[in-house]
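To start, the structure itself, in structure tokens.
The values are calculated or read from the model by the stated rules, or taken from the named source; none is laboratory data. The model shown is predicted, which means the values in this text are computed figures rather than measured ones. Counting neighbours? That spans all protein chains shown, and the Cβs are built from the backbone with ideal geometry, glycine included.
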Amino acid sequence: MTTKKVLSSAETAKMLNVSLRTVQLWVEKGVLAAWKTPGGHRRISLESIQKLKHQQDVQVGFVKPSVKLLIVEDQAHQRKFYRKCFERWNLPVEVYMAKDGYHGLIKLGEMKPDLLITDLMMPSMDGSEMIKAIRSKGDLDENRIIVVTAMDSDSAEVKRLRDSNITVLQKPVSFDDLKQLLENRVSMLATAAKLW
């Protein structure tokens, strides 16, 4: 793979295994991000080439697309444990972490996750406040939010979340249950996006 940030049309054609004319058409249609030098030569963004190559690989089944998962948890050891579990489960999931609701909202805006797992009791901004903010903006459907909490299952907050169709798991969480839930959600998201 090249270390250059931009490539010529010929280099792009070779990298994507297509004709020079195909590259020119893709540039004209905006499929590839490009500009012309003062001499009239096209320079194509390596990032846009890599994105297109990834899309091609997904379409022909060379790679499985991954689901972006954001975990919001204030306990560092719990975040580490989550990460190890996801690596062991071998799910097509990209895992991102945030240490509280405030940082969770920032990450949510940056990376647009497909799924969210959050604790409720956290410093700065707790999980309930974060969920309210997410729902008020319509950033994530309720069926894409999973709450893992030590709160009593009969507490008003837990009942309110369940009444809102948000999945709530009690701590200590059964990681077999969490794995099954994630497998189902990942499969559902992939099917909905027609990625598999």
- Note on the structure: Scanning the stretch 30-45 residue by residue, those closer than 14 Å to A13 by Cα and in a strand (DSSP E or B) turn out to be A34, R42, R43, I44, S45
- Item | Whichever residue in the stretch 172-196 is touching a Phe, Trp or Tyr at 6+ places or on another chain (Cβ under 9 Å) and surrounded by fewer than 17 Cβ atoms within 10 Å (Cβ to Cβ) and, among such residues, is modelled with the lowest pLDDT | S187
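The rows are residues; the columns are (1) surrounded by 13 or more Cβ atoms within 10 Å (Cβ to Cβ); (2) modelled with pLDDT of 90 or more.
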site	(1), (2)
S19	no, yes
K29	no, no
L32	yes, yes
P38	no, yes
H41	no, no
V67	yes, no
- Sole residue being surrounded by fewer than 20 Cβ atoms within 10 Å (Cβ to Cβ), touching a residue at least 40 places away in the same chain (Cβ under 8 Å) and assigned by TED's automatic domain parsing to the domain that holds Q170, chosen from M125, M111: M111
